[in-house]
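Input: a single structure, listed below in structure tokens.
The values are calculated or read from the model by the stated rules, or taken from the named source; none is laboratory data. Just so we're clear, the structure is a prediction, and the values are computed from it rather than from any experiment. Reconstructed Cβ throughout: ideal geometry from the backbone, glycine too, with neighbour counts over all protein chains shown.
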Amino acid sequence: MFRSLLLSSPIVKFGRQYRILLVFCLSIFFWQIFDGIITYFTPIVIIQRGFSTTSMGFIIGSSSIFGALLDFILAKVLKGSNYLRILLIVLGISFFYPLTLWYSQNIYLYLLAMFIWGLYWDLYRFVSFDFVAHNSTPEDNYMHFSIINLFRSIALLLAPLISGLLVSDLVQFSSLLLPSIFLVIAGAFYIILVSILPAQHHHSVSIHTHRHSFSWLHELKLIKSASRRLMPIFLLNIILVMFDSTFWTIGPLLGTAFSDISDYGGLFMAAYMIPGLFNTFIIRFLISKFGKINSAFFCFIVSGIFLIPLSLIRQPFLILLFVLLSSIINTSSWPAVSSIFTDIIESNPSRKKEYESLNDLSVNIGFILGPSLAGLLATSSNLIQSISLVSFVAITLASLVYIFYRPQLHSPATN
């Protein structure tokens, strides 16, 4: 009797219905802890080796320049691959990034490390979109993105806190190797995922096939030919990624700005990431009330307003409070934007490859601009002021995009 009650419980039913999603999320969860720790250490290691904040920003931004180039090269090499094969490649390549980062002694080796970083992140973006496309419907894809983002947010909340335990003043070689334990656990869940997936998932065709060879002229043509319905989402995604990458570039360095508080950089990043734990519960209400596009824009703009006064605040824990409030509001922007991209792609199958290319391009542009702008501003102002300045720039751009494209923002695919 107890067994029958247990099997009929809502939790068990949910687990059966979404077991593929849950196992996928667990693999991504442990991989994201690994990557979050390494991401946290990256600006510290570069500064530790004597580079300026400006150079550090441009070095980190170069990873997405490589990502933009690799996006189209890999499409030729990996024709016919699906998210299972690409996820395996992501897990394998990730192991080499911390090793290359540590042994880099000059700008060329750092660029090699950024090449590896850009490679596996470009592949991961494909994995998440392709997984949701195979395992959800247009009506519930935003929930799949929300659940994936929930697991990623938990991982990115834990990563800076674990980083603080692994390093005191300087990053050591052992600090870069220990996170590989999480990579091994991610691999174990990958094996479980492969074992429970239906046979057709092992042979599905990649959504990245038949892309054109890379050229900047082709990229400009893609942007020019994008429908007015897609363009505001393309631009908002650039701004979101620019904003997020600023935090991950500046946040780990804040320990030097508030050296009297143990692991302040880790606390700062935790305050930025913790609201992501609740976006699954918030996003459904916001989208049903205001639509996907309004939720994405307004949440981001309001959240940025909370960060502009940071440069005037001298109390470190009050800064954490403002960051926390900002992130609570912004937490729904990401799944809303991802869901809109997926809706538009699925409603325009003839232009699927071009729209997928534009999504990847928007992420790469944002991650080039964010670290580069953050590093440049941090050289001429302090670290907290640079976050305020980037926030001002970001919400100004987002507001202009919303105003300019307002007549086109209420089509069915974007609400």
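For the reader, a short list of remarks on this structure follows.
- Only residues that are of a type in the set (Asp, Glu) and assigned to a loop (DSSP other than H, G, I, E, B) were counted in segment 17-41, giving 0.
- Among (1) at pLDDT below 90; (2) in a helix (DSSP H, G or I), the one test that Val171 misses: (2)
- Any chance Asp35 is acidic (Asp, Glu), crowded, with 19+ Cβ neighbours inside 10 Å, touching a residue at least 24 places away in the same chain (Cβ under 8 Å) and more than 21 Å from Pro252 (Cβ to Cβ): no
- Subset of segment 105-145 (residues that are more than 20 Å from the chain's Cα centre (by Cα) and either over 16 Å from Ser94 (Cα atoms) or modelled with pLDDT under 85 (or both)): Gln105, Asn106, Ile107, Tyr108, Leu109, His134, Asn135, Ser136, Thr137, Pro138, Glu139, Asp140
- Leading residue by the ranking (surrounded by the fewest Cβ atoms within 10 Å (Cβ to Cβ)) among those in segment 69-87 that are modelled with pLDDT of 85 or more and closer than 18 Å to Trp117 by Cβ: Ile86
- Flag for Ile301 being touching a residue at least 60 places away in the same chain (Cβ under 8 Å) and more than 25 Å from Thr39 (Cα to Cα): yes
- Taking each residue of segment 111-126 that is under 23 Å from Phe51 (Cβ atoms) and looking for partners that are not in a helix (DSSP H, G or I) and not hydrophobic (A, V, I, L, M, F, W, C) with beta-carbon atoms closer than 8 Å, six or more apart or interchain, yields Leu112/Ser104; Ala113/Ser104.
- Candidates Ala413, Ala398: the one that is modelled with pLDDT under 85 and of a type in the set (A, V, I, L, M) is Ala413.
- Test: residue in segment 217-240 that is more than 23 Å from the chain's Cα centre (by Cα), hydroxyl-bearing (Ser, Thr, Tyr) and modelled with pLDDT of 60 or more: no
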